[in-house]
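Asker: Can you keep this structure in mind? I'll have questions shortly.
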Amino acid sequence: MQPQITVRPAVATDYDAVARITRDSYLAAGYFEDADHPYMRQVQDVALRAANATIWVAERDGRVVGSVTLARAGEPYADIALDDELEFRMLVVDPAVQRTGAGKAMVDAILSYARQLDGIRAVALTTGQTWESAHGLYRKTGFSRVPERDWLVPGTDIKLLVYRLDL
């Protein structure tokens, strides 16, 4: 049995681990060819992200093993959030420990948190079209596809899929 996972707000001393895990998980999944892609550089600037959004980490045995970014409609990191939705983005788990519960622990914590927020009636997210392991996690945790909200990465033909869970 795996040791317990704690989900908590990120602090500055977590930023290097968050950047590494984000980079490693995106590259291991084949989402990008190298860490110098402009989007990859952007998501690895965790201090900038933390200044404009809420970042949580998943920790096991004192080690950061995953992270996720939360946003509400109108905030800089909100891509798709409607006024009554909490959106999460960049949910990543260290490739060395994927499929050991960290992703599910973060999703469960997000759902619990969202239920406490005034005016929030759903949680939404965007994921890549070919990111099958992510799709499985979202389906397993109760999310449903909202295909009419799918969108293209600006300036590309990369289609992103939207999922939503009503609270």
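The values are calculated or read from the model by the stated rules, or taken from the named source; none is laboratory data. Just so it is clear, the model here is predicted, and its values are computed rather than measured. Neighbour counts run over all protein chains shown; Cβ positions are idealised from the backbone, glycine included. Side chains included, ligands, DNA and RNA excluded: accessible areas come from the protein's heavy atoms. Shrake-Rupley method; radii C 1.70, N 1.55, O 1.52, S 1.80 Å.
Asker: Name the residue that is farthest from the chain's Cα centre (by Cα), counting only residues in the range 22-72 that are within 11 Å of Val93 (Cβ to Cβ) and not aliphatic (A, V, I, L, M).
Answerer: Only one residue fits best here, namely Arg60.
Asker: Right, something else. Taking Val43 as the residue in question, decide whether it is at pLDDT below 90, open to solvent by less than 30 Å² (accessible area, probe 1.4 Å) and not hydroxyl-bearing (Ser, Thr, Tyr). If you could, list the steps in order and put the result at the bottom.
Answerer: Numbers: at pLDDT below 90: yes; open to solvent by less than 30 Å² (accessible area, probe 1.4 Å): yes; not hydroxyl-bearing (Ser, Thr, Tyr): yes.
Against the criterion (at pLDDT below 90, open to solvent by less than 30 Å² (accessible area, probe 1.4 Å) and not hydroxyl-bearing (Ser, Thr, Tyr)), Val43 qualifies.
Asker: Yes or no: Tyr138 closer than 23 Å to Arg8 by Cβ, more than 13 Å from the chain's Cα centre (by Cα) and among the aromatic types (Phe, Trp, Tyr)?
Answerer: no
Asker: If I filter the range 66-117 down to residues being β-branched (Val, Ile, Thr) and without any contact (Cβ under 8 Å) to a residue 40 or more places away in the chain, which single residue comes out as nearest to Lys140 (Cα to Cα)?
Answerer: As a first pass, look at the range 66-117 and keep what is β-branched (Val, Ile, Thr): 68-69, 80, 92-93, 97, 100, 107, 110.
If we keep only those that are without any contact (Cβ under 8 Å) to a residue 40 or more places away in the chain too, we end up with 69, 97, 107.
Details: Thr69: 20, Val97: 19, Val107: 10 Å.
Among those residues, the one meeting the criterion is Val107.
Asker: Identify, please: which residue in the range 130-162 is in contact with a helix residue (DSSP H, G or I) (Cβ under 9 Å, 6 or more places away or on another chain), outside any strand (DSSP E or B) and not aliphatic (A, V, I, L, M) and is, among those, modelled with the lowest pLDDT?
Answerer: Out of the qualifying residues, it is Ser133.
Asker: What residue, among those in the range 130-167 that are among the aliphatic types (A, V, I, L, M) and free of Cβ contacts under 8 Å to residues at least 24 places away in the same chain, is least open to solvent (accessible area, probe 1.4 Å)?
Answerer: Looking only at the range 130-167, we keep the residues that are among the aliphatic types (A, V, I, L, M), and these are 134, 137, 146, 152-153, 158, 160-162, 165, 167.
Retained after the next criterion (residues that are free of Cβ contacts under 8 Å to residues at least 24 places away in the same chain): 146, 152-153.
Numbers: Val146: 20, Leu152: 95, Val153: 45 Å².
Once the filter is applied, the top-ranked residue is Val146.
Listed here are the residues, each with its yes/no results for (1) assigned to a strand (DSSP E or B); (2) of a type outside the set (A, V, I, L, M); (3) within 16 Å of Arg63 (Cα to Cα); (4) in contact with a Phe, Trp or Tyr (Cβ under 9 Å, 6 or more places away or on another chain).
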residue: Thr6; (1), (2), (3), (4): yes, yes, yes, no
residue: Asp14; (1), (2), (3), (4): no, yes, yes, no
residue: Val18; (1), (2), (3), (4): no, no, yes, no
residue: Thr22; (1), (2), (3), (4): no, yes, yes, no
residue: Glu33; (1), (2), (3), (4): no, yes, no, no
residue: Asp36; (1), (2), (3), (4): no, yes, no, no
residue: Tyr39; (1), (2), (3), (4): no, yes, no, yes
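Asker: Same structure, new question: What residue, among those in the range 118-129 that are in a loop (DSSP other than H, G, I, E, B) and touching a residue at least 40 places away in the same chain (Cβ under 8 Å), is most open to solvent (accessible area, probe 1.4 Å)?
Answerer: First pass over the range 118-129, keeping only residues in a loop (DSSP other than H, G, I, E, B): 118-121, 129.
If we keep only those that are touching a residue at least 40 places away in the same chain (Cβ under 8 Å) as well, we get 120-121.
Numbers: Ile120: 14, Arg121: 151 Å².
The qualifying residue most open to solvent (accessible area, probe 1.4 Å) is Arg121.
Asker: Please find, within the range 84-117, the residue that is nearest to Asp24 (Cα to Cα) out of those that are touching a helix residue (DSSP H, G or I) at 6+ places or on another chain (Cβ under 9 Å), open to solvent by 40 Å² or more (accessible area, probe 1.4 Å) and part of a helix (DSSP H, G or I).
Answerer: That would be Pro95.
Asker: Given the condition more than 23 Å from Thr141 (Cβ to Cβ) and β-branched (Val, Ile, Thr), answer yes or no: does some residue in the range 16-34 qualify?
Answerer: no
Asker: For the range 63-83, which residues satisfy the criterion of being open to solvent by less than 70 Å² (accessible area, probe 1.4 Å) and either within 21 Å of Thr6 (Cβ to Cβ) or in a strand (DSSP E or B) (or both)?
Answerer: Residues of the range 63-83 open to solvent by less than 70 Å² (accessible area, probe 1.4 Å): 64-71, 73, 77-78, 80-81.
Residues satisfying the conditions are Val64, Val65, Gly66, Ser67, Val68, Thr69, Leu70, Ala71.
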